[in-house]
Each structure stands twice: as C-alpha cells, then as structure tokens.
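The values are calculated or read from the model by the stated rules, or taken from the named source; none is laboratory data. Keep in mind that what you see is a predicted model, and the values were worked out from it rather than measured. Quick reminder, even Gly has a Cβ in these numbers, built from the backbone with ideal geometry, and neighbours come from all protein chains shown.
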Amino acid sequence: MTIRPAKDCENMDQVRVEIDRVDLAVVKALAERFTYVDRAWQLKSSPQEATVPWRIQQVIDRVRKHAEAEGLPPDLVEALWRQMIGWFIQYEEAKLVEDDGDAGNSD
C-alpha cells in the first residue's frame, strides 16, 4: 500500500484511507505494548506494585519530548498516555488480585 502524505490528499476519501491506515498502525503498536504490560504483572507480586509514580512520570516526560520532536501537541500526548497508563494499571491490579486469589485455591 502506497502511503499518501497528508499534503497530497486531494479529497476526504483519500484522507480517510490514510487515517484508517494510521489507526491500524497505532492499534498494532498498542497491541505490542500490551504484551509487555501483560508480562509486567506476571513479574510483580502484589497489586500495589502496579502503580509506580516515578515510572509513570518518566514515561510521560519521555512521550512529551517525542511529541515535541514530531510537532505534535505534548498536552494531547500526555492526556492520551495518562488515560492509557491508568487503564493498564487497573488491568495489572485486577490480574494480580485474580492471581493472588488463584494461588490461595489449592484444591
């Protein structure tokens, strides 16, 4: 598939095709990121370990710098990442609680 730069799109159909292409790439990147989050909870021993404030800030600082370098509003990227990180923390906490409950069931 040929990528058409935004400046070369001549109509909304072309814009939509490119947005759909980018959306797919973003979903694939998130899917890859999720595999690491899924592994992370397995390496932790309690739900309290899911929230690591210094690491959250480190990630936010890094993505803000990437956004600036790409000409993207850092506030947009920070808002998206905070939402995503929050969801991943909830996921890890739930998996850790579930895992701890399963460990207590030695039928």
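For the structure I just gave you, tell me whether Lys44 is among the basic types (Lys, Arg) and in contact (Cβ under 8 Å) with a residue 40 or more places away in the chain.
So Lys44 passes the test.
Taking the residues in the stretch 38-60 that are under 16 Å from the mean Cα position of the chain (by Cα) and of a type outside the set (Val, Ile, Thr) as candidates, determine which candidate is nearest to Ile89 (Cα to Cα).
Among residues in the stretch 38-60 that are under 16 Å from the mean Cα position of the chain (by Cα) and of a type outside the set (Val, Ile, Thr), the one nearest to Ile89 (Cα to Cα) is Ala50.
Determine, yes or no, whether Lys95 is closer than 18 Å to Asp38 by Cα, outside any loop (DSSP other than H, G, I, E, B), modelled with pLDDT of 95 or more and not acidic (Asp, Glu).
So Lys95 passes the test.
Would you confirm, using the coordinates I've provided, whether Gly101 is at positive phi and over 18 Å from the mean Cα position of the chain (by Cα)?
Here the answer is no, as Gly101 does not meet what is asked.
Within the stretch 52-81, can you find the residues that are under 18 Å from Tyr36 (Cβ atoms) and charged (D, E, K, R)?
Correct list: Arg55, Arg62.
Taking the condition over 17 Å from Tyr91 (Cβ atoms), modelled with pLDDT of 95 or more and within 22 Å of the chain's Cα centre (by Cα), does Val26 pass?
Yes, satisfied.
Quick one: Glu49 ticks every box in (1) modelled with pLDDT of 95 or more; (2) exposed (fewer than 10 other Cβ atoms within 10 Å of the Cβ); (3) among the acidic types (Asp, Glu) except a single one, so which number is it?
With (1) modelled with pLDDT of 95 or more; (2) exposed (fewer than 10 other Cβ atoms within 10 Å of the Cβ); (3) among the acidic types (Asp, Glu) applied to Glu49, the lone miss is (2).
Among the numbered criteria (1) touching a helix residue (DSSP H, G or I) at 6+ places or on another chain (Cβ under 7 Å); (2) touching a residue at least 12 places away in the same chain (Cβ under 8 Å), which one does Pro74 miss?
For Pro74, the exception is condition (2).
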